[in-house]
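Notes for the one structure printed next.
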Amino acid sequence: MSEPNETDILMNGEEWFAKNRGMLINITLVILVVVVGMSWMNNNKSASSSKAESDLVKALSLNSTNLNDVASRLNDVHANNKGEPVAERALILSAKTSLDAGNIKNAKARFSTYLTDYADGNWVDEAKLGEALCWEADGDVNKAIGTYRSLTNVANEKVSDTIRNRAAALLEAAQTELDPLPSRPEPVVEPETPPTGVISEPAKPDSAPDTKPAPVAPPAATEQK
């Protein structure tokens with residue numbers, strides 16, 4: 001069997017191309033659609049991320065002394081940008097700002113949401129510590145102590161030194177029972193000071209003792225006979 005020469009190969013190639021021209025065009029179109037689609041998605045994602053970052057910066061730059069307002073704006077950034085990396089940061093910042101504002105209810109809810117939605121997030125330990133602070137503020141001291149102890153466990157190498165030291169201080173404070181305060185002493189009434197230039201007379205006793213001698217009874221008269 002003789003080997004095909006270059007002329008045969010070219011003729012066969014042209015014949016094959018003519019038969020499969022439609023299939024090649026379809027494959028080329030599919031590849032172009034996929035490439036264009038991926039490029040559009042990347043550009044759209046980049047634009048979305050840029051907008052999310054801008055929203056976060058605006059919330060943090062809010063010229064307001066009302067921390068509850070700032071926390072609410074940050075929570076909106078989280079809600080409106082689910083799936084974006086900025087959403088995680090917005091949520092943990094919103095929870096912390098609510099805690100700083102003394103809004104324990106919102107802070108506890110947002111710390112809990114973070115631990116649910118971002119179980120492997122970057123600020124899990126911070127969220128645990130914040131949630132424990134909320135529990136302690138609500139009077140559930142034993143539950144808070146359990147979290148403090150878990151964060152001070154040296155076997156947990158993932159906990160940063162900053163969080164571990166903070167948890168240790170909070171644990172010590174939570175376990176310290178203050179002695180009861182002494183009862184309020186009775187007020188001491190001090191004597192009034194007389195006005196300048198007025199000579200005060202010595203106080204007279206309520207009843208002077210009777211120093212007169214008691215009367216002596218006369219002798220009984222003797223009867224004469």
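The values are calculated or read from the model by the stated rules, or taken from the named source; none is laboratory data. The model shown is predicted, which means the values in this text are computed figures rather than measured ones. Cβ placement follows ideal geometry from the backbone for every residue including glycine, while neighbour counts extend to all protein chains displayed. Heavy atoms of the whole protein, side chains included, go into the accessibility calculation; ligands, DNA and RNA do not. Shrake-Rupley method; radii C 1.70, N 1.55, O 1.52, S 1.80 Å.
Just reorder 82, 105 by solvent-accessible area, largest first, 1.4 Å probe, all chains present.
105, 82
Counting only protein heavy atoms, what percent of the accessible surface of segment 73-113 is carbon or sulfur at a 1.4 Å probe?
45 percent
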Next on the checklist: Order 126-135, 152-161 from most to least packed using the mean count of other Cβ atoms within 10 Å.
Outcome noted: 126-135, 152-161
Checklist entry - Given a 1.4 Å probe, how much area per residue of segment 119-166 is accessible, in Å²? => result 61 Å²
Checklist entry - Which entries in the list 58/158; 51/108; 96/158 go over 24 Å, if you measure between the two C-alpha atoms of each? => result 58/158; 51/108
